[in-house]
1. If you line up the long axis of helix 3-12 against the longest principal axis of the chain, both from Cα atoms, how many degrees apart are they, to the nearest 10?
2. With charges set only on the Cβ (+1 for Lys and Arg, -1 for Asp and Glu), what does the dipole of the chain come to about its Cα centre, in debye to the nearest 20?
3. Give the angle, between 0 and 90 degrees and rounded to the nearest 10, that separates the Cα long axis of helix 76-85 from the longest principal axis of the Cα atoms of the chain.
4. Show me the GluC sites (Glu not before Pro) within the stretch 1-55 that DSSP assigns to loop and that have at most 13 other Cβ atoms within 10 Å of their Cβ.
5. Could you put VAL59, VAL77 in order, starting from the residue whose Cβ has the fewest other Cβ atoms within 10 Å?
6. Within 10 Å, at most 10 other Cβ atoms, and a DSSP state outside H, G, I, E, B define an exposed site. Report the longest part of the chain free of exposed chymotrypsin sites (Phe, Trp or Tyr not before Pro).
7. Just the Cα atoms of the chain: what Rg and Dmax do they give in Å?
Amino acid sequence: MDTKLLQQLRLLVGKPVEYRGDACRIIEVLDSENALVVRCEGRQRVIQSNQFGEATRRVQQCHTLPLFDENDKLNPVIGAWLESDFQP
C-alpha cells in the first residue's frame, strides 16, 4: 500500500462517518489486511461471542471494509471519506 495513502487513512481514525445510514466512527486501519474498521454508534448493541462461539457480552457493531475493490481501485466509500476530510 502507498505510504501517503496509509498516512491519510491513519488521520481518519477517530473521525465520525456515515456508513449504510448509520452514524459510525473509524476505529482502526488494518494495513496488513488492506482494511478499515468502523464502529456503529447509537445503534442497539449486538451479542459478541467468544472463540468458542458462546455469547459473552453486548458490544457496538463493527464493520471491516476492504480498502480496495477487485480491480485494485480505492473503495469509493473510503475515497469519499478521504475527500471530505482533506478538502481545503
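Each reported figure results from applying straightforward, stated rules to the coordinates on display, with no laboratory input. Small disclaimer: the values here were computed from a predicted structure and weren't measured. Methodologically, a virtual Cβ is constructed for each residue, glycine included, from the backbone with ideal geometry; neighbour enumeration extends over all protein chains shown.
1. 50
2. Numbers: 11 positive and 13 negative charges, 101 e Å.
The dipole magnitude comes to about 480 debye.
3. 70
4. On the way: sites: GLU18, GLU28, GLU33, GLU41, GLU54; in loops: GLU33, GLU41, GLU54.
The qualifying sites are GLU33, GLU41, GLU54.
5. Details: VAL59 11, VAL77 16.
Listed from fewest to most nearby Cβ atoms, that is VAL59, VAL77.
6. On the way: sites that count: PHE52, PHE86.
With chymotrypsin sites (Phe, Trp or Tyr not before Pro) excluded where exposed in loops, the chain gives 1-51 as its longest stretch.
7. 14.4, 48
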